[in-house]
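Below is one structure; the comments refer to it alone.
The values are calculated or read from the model by the stated rules, or taken from the named source; none is laboratory data. These numbers were taken from a predicted model, which means no experiment stands behind them. When we count neighbours, we look across all protein chains shown, and the Cβ atoms used for this are built from the backbone with ideal geometry, even at glycine.
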Ligand SMILES: Cc1cc2nc3c(=O)[nH]c(=O)nc-3n(C[C@H](O)[C@H](O)[C@H](O)COP(=O)(O)O)c2cc1C
């Protein structure tokens, strides 16, 4: 579970047409383990039903300051217990009221009664969004530390296309996660590789492997949630998490040349990609024809990216490798750790059920260069990512090069 697990989030929904998307946000927060208290304004109730939110959150959606026999002072209970107040979508009205502190309804009273971070996801028509008054209000909120998830461009209600559309629910959930993450990697530069490389045989065929990129993507998402500046070099860009800079690549050679540049400044490098060890010596320009017979595919070694990064490792950098093995897991991993000048290696026995390639889960042993080990039993890949980054961070902080 991520940083949302067990955290209390007041989900304020206001009367924008995008209120229906707040249902998806609510779902994502609940799925991530958060305790969600929905608060709907009168405007929101014109757009969506409170029952949907009550059912998803397993807590009655609140809609009024008054007449709640269970909670006579709902705004202070909600505000004081919250770890985050997330307003999604946020109308021009609530943005203005937050600026002026006008306590017009339960949601505004809750915003005023909390010391938790407040996150606002504006959504409105382009003309409304571009009004000087709205822009000024948003700027003031931002200056005061309110977290803003900016709207996107795209299709708006009524068929118009323009700026002002609510950010994607996945982006909003990731932003909430970031807001509640420990923040122990703030501004740290982290490079992550992910996915299996594809080495072309001809214009349409390739030699590849079963890596889905999920473990590397989980590391990138976790690092970003903890405040790091993340570069993710991946062969699976289509499923990359938000909040990271994605560099899509396909072959080992492409990944090698990107990593050579990106690793120079990185403080933590996590090489989770399954890079091909061999590639076809030649790749045909067009598609090889079946009637020409089976081609002879001669394989030649690719560049060993990890070994190269190990040789050129700048002082103070933490270099993390992965070892997917089917036999002699720990011996092979320990030998690779030493041979490639790594600080840590994440060893997984991919012959076990539910472990490694294509699965949502993984079981690993993290071997450190100082000989210590951390075992992560079969868990979500995000949990593995957390252990890897915890270990990398403590290695980074204990390195004398990194001490002032
Ligand atoms: C169909 C419809 C769609 C609306 N969509 C938006 C919107 O996307 N953003 C916005 O700021 N206001 C929108 N409004 C205007 C708000 O509903 C109105 O300002 C209302 O007073 C907001 O109330 P609330 O902030 O208490 O929910 C819309 C109104 C209607 C009738």
**Asked** Does residue 365 count as over 22 Å from residue 197 (Cα atoms), in a strand (DSSP E or B) and either at pLDDT 90 or above or over 25 Å from the mean Cα position of the chain (by Cα) (or both)?
**Response** yes
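Look at segment 78-96 and say how many of its residues are assigned to a helix (DSSP H, G or I) and within 13 Å of the ligand (Cβ to nearest atom). It would help to see each step written out before you state the result.
Looking only at segment 78-96, we keep the residues that are assigned to a helix (DSSP H, G or I), and these are 78-81, 92-96.
Keeping just the survivors that are within 13 Å of the ligand (Cβ to nearest atom) gives 92-96.
Summing the residues that are assigned to a helix (DSSP H, G or I) and within 13 Å of the ligand (Cβ to nearest atom) in segment 78-96 gives 5.
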**Message:** I'd like the full set of residues that are crowded, with 19+ Cβ neighbours inside 10 Å, closer than 20 Å to residue 67 by Cβ and either away from the ligand (no atom under 13 Å from the Cβ) or without any contact (Cβ under 8 Å) to a residue 40 or more places away in the chain (or both), limited to segment 97-109.
**Reply:** 108
**Fill in**
Of (1) outside any helix (DSSP H, G or I); (2) over 30 Å from residue 126 (Cα atoms), residue 17 fails just (2)
**Prompt:** Tally time: how many residues in segment 115-132 are surrounded by fewer than 20 Cβ atoms within 10 Å (Cβ to Cβ) and either in contact (Cβ under 8 Å) with a residue 40 or more places away in the chain or under 22 Å from residue 25 (Cα atoms) (or both)?
**Reply:** 2
**Asked** Which of the residues that make up segment 27-46 are within 18 Å of residue 81 (Cα to Cα) and touching a helix residue (DSSP H, G or I) at 6+ places or on another chain (Cβ under 7 Å)?
**Response** 29, 30, 36, 37, 38, 39, 40
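Examine segment 307-323 for a residue that is farther than 30 Å from residue 399 by Cα and at pLDDT 95 or above, and state whether such a residue exists.
Step one: filter segment 307-323 for residues farther than 30 Å from residue 399 by Cα, giving none.
Scanning segment 307-323 turns up no residue that is farther than 30 Å from residue 399 by Cα and at pLDDT 95 or above.
Condition first: assigned to a helix (DSSP H, G or I) and closer than 19 Å to residue 389 by Cβ. Now tell me which residues in segment 301-348 satisfy that. Working first, answer last.
Step one: list which residues in segment 301-348 are assigned to a helix (DSSP H, G or I), which gives 305-311, 329-339.
306, 309, 333, 337, listed by residue number.
When you check residue 336 against the structure, is it touching a strand residue (DSSP E or B) at 6+ places or on another chain (Cβ under 8 Å), more than 16 Å from residue 374 (Cα to Cα) and buried (at least 18 other Cβ atoms within 10 Å of the Cβ), yes or no? Spell out the reasoning first.
Details: touching a strand residue (DSSP E or B) at 6+ places or on another chain (Cβ under 8 Å): yes; more than 16 Å from residue 374 (Cα to Cα): yes; buried (at least 18 other Cβ atoms within 10 Å of the Cβ): yes.
So residue 336 fits the description; yes.
In this structure, is residue 347 touching a helix residue (DSSP H, G or I) at 6+ places or on another chain (Cβ under 6 Å) and in the same structural domain as residue 390 (by TED's automatic domain parsing)? Step through it out loud before you land on a result.
Working: touching a helix residue (DSSP H, G or I) at 6+ places or on another chain (Cβ under 6 Å): yes; in the same structural domain as residue 390 (by TED's automatic domain parsing): yes.
Here the answer is yes, as residue 347 does meet what is asked.
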**Asked** Of the residues in segment 147-177, how many are outside any helix (DSSP H, G or I), under 20 Å from residue 116 (Cβ atoms) and away from the ligand (no atom under 15 Å from the Cβ)?
**Response** 1
**Message:** Taking the criterion of being without any contact (Cβ under 8 Å) to a residue 60 or more places away in the chain, in a strand (DSSP E or B) and either more than 21 Å from residue 151 (Cβ to Cβ) or not assigned by TED's automatic domain parsing to the domain that holds residue 171 (or both), would at least one residue in segment 59-66 satisfy it?
**Reply:** yes
